[in-house]
1. Out of LEU12, LEU16, LEU26, report the one residue that is modelled with pLDDT of 90 or more, more than 26 Å from the chain's Cα centre (by Cα) and surrounded by 10 or more Cβ atoms within 10 Å (Cβ to Cβ).
2. Taking the range 276-306, which residues are of a type outside the set (D, E, K, R), in contact with a strand residue (DSSP E or B) (Cβ under 9 Å, 6 or more places away or on another chain) and open to solvent by 40 Å² or more (accessible area, probe 1.4 Å)?
3. Looking only at the range 171-207, filter to residues that are within 17 Å of GLY132 (Cα to Cα) and among the aliphatic types (A, V, I, L, M); which one of those is nearest to the chain's Cα centre (by Cα)?
4. Which members of the range 314-350 meet the condition of being open to solvent by less than 80 Å² (accessible area, probe 1.4 Å), assigned to a loop (DSSP other than H, G, I, E, B), modelled with pLDDT of 90 or more and farther than 18 Å from ARG174 by Cβ?
5. Tell me yes or no: at least one residue of the range 38-51 is open to solvent by less than 40 Å² (accessible area, probe 1.4 Å), more than 28 Å from THR126 (Cα to Cα) and touching a residue at least 60 places away in the same chain (Cβ under 8 Å).
6. Mind telling me which of the residues THR237, THR232, THR251 ends up being out of contact with any Pro (no Cβ under 6 Å at 6 or more places or on another chain) and closer than 15 Å to LEU77 by Cα?
7. Which of the residues spanning the range 94-132 are in contact with a helix residue (DSSP H, G or I) (Cβ under 7 Å, 6 or more places away or on another chain) and hydroxyl-bearing (Ser, Thr, Tyr)?
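The values are calculated or read from the model by the stated rules, or taken from the named source; none is laboratory data. Since the model is a prediction, treat every value here as computed from it, not as a measurement. Glycine gets a Cβ as well: all are built from the backbone with ideal geometry, and neighbour counts include every protein chain shown. What goes into the accessible areas is simple: the full protein's heavy atoms, side chains included, and nothing from ligands, DNA or RNA. Shrake-Rupley method; radii C 1.70, N 1.55, O 1.52, S 1.80 Å.
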Amino acid sequence: MPNRRYSARQKLGVILLDLPRYLWALRPARMAGREPHPWIHVKNRGERLVGPDRGEGVACAWQWTSELHAPLVFPVLGRLLLRAALRDYPIQLPGPGVSPAPAERPDITFIIGLRGRDRLPHLQWTLRSIAGQIGVSIECIVVEQDSDQTARDHVPGWVRYIHTPPHEGMPYCRAWAFNVGARQARSPLLVLHDNDMLVPESYAAELVRMHRRGYEISNLKRLIFYLSDEHTRALFTGHAFFASRPPDSITQNAEAGGSVAVDRDAYFALGGMDEAFVGWGGEDNEFWERALTRRVWPFGYLPMIHLWHPPQAGKRAVDGRGATTAELSDRRASIPVHNRIEELRSRNFGDPRRLDPTPVEAGFRLAADSFE
């Protein structure tokens, strides 16, 4: 666990103001009555959750992600919350020899980007949780964005592998990886998914269910449980299970970050992900703003587990004009959403053969200059 210190006053505040709510939310299922998953309503003081007129889930009525405070002060609450979430929505991890049944036209396609060897164990565990999906036919595409085909021999045979070598010195571009995968997907529903995120066995089936109800974009994540370095390594070596230790932190309101499902036609109509963003960050928030112009289900009720890794190199990459990701985000946000959609649709996004820096750098110039 991180070395956090809390005062006696902070601890007393949690005991008096948070603990009763947590105990109510963590009550046994037999006592839950009409609310089968009361833990999804846990939040911080001062935060407000909203729900749909019909159906399950809650949405956070604030803009950015937030970290649950009480489990940081008393980590046992985080462990109990994780245990309750996985009791309701278990994660299955089939062995290496188990593969999803093949389908000519699968119900849903998971798209995952990757660069470098450090994330290979995370990717393999993520793929195992995807292989454990039940109730629907799935496809999974791994897009390796690197000069070498490092991951090719480390992904199972049921996964479609695509290699997209970048030009020399180009930082990782998550948006490009998703766009390439979307062009190759065979299903009508895409899941833009991180390579370090484990999902419950019912995740794909729930996304397909929402899609069949007419929702073009679904964000079903309620809580993301971030495991520690020690806990993650113990999982990899088979010396721990998910709820054997408290999570480092629990995050809510991730919106398009981590994992989000998008109707394939709607994805192209929105212009895909903005490939002007390189490194990590910014592209998911920008995409979510455009996604909100479609029919969206933003009410989350599923848990996910985030595997620990060190801070990613290139996370704060700069563009061809020296602007940081944050500065690019501000520039893009100043352009009306519908203008951004029109601009991005005009680009040749998702081209797997892009080997030179011109399209990305041109994208940065376009972001700044097109609608001034």
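1. LEU12
2. LEU292, PRO298
3. MET197
4. Within the range 314-350, ILE335, PRO336 meet the criteria.
5. no
6. Exactly one residue qualifies, and that residue is THR251.
7. Matches in the range 94-132: SER99 only.
Condition check ((1) without any contact (Cβ under 8 Å) to a residue 60 or more places away in the chain; (2) closer than 21 Å to MET273 by Cβ) across all residues:
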position: THR109; (1), (2): no, yes
position: ARG119; (1), (2): no, yes
position: GLN124; (1), (2): yes, no
position: ASP146; (1), (2): yes, yes
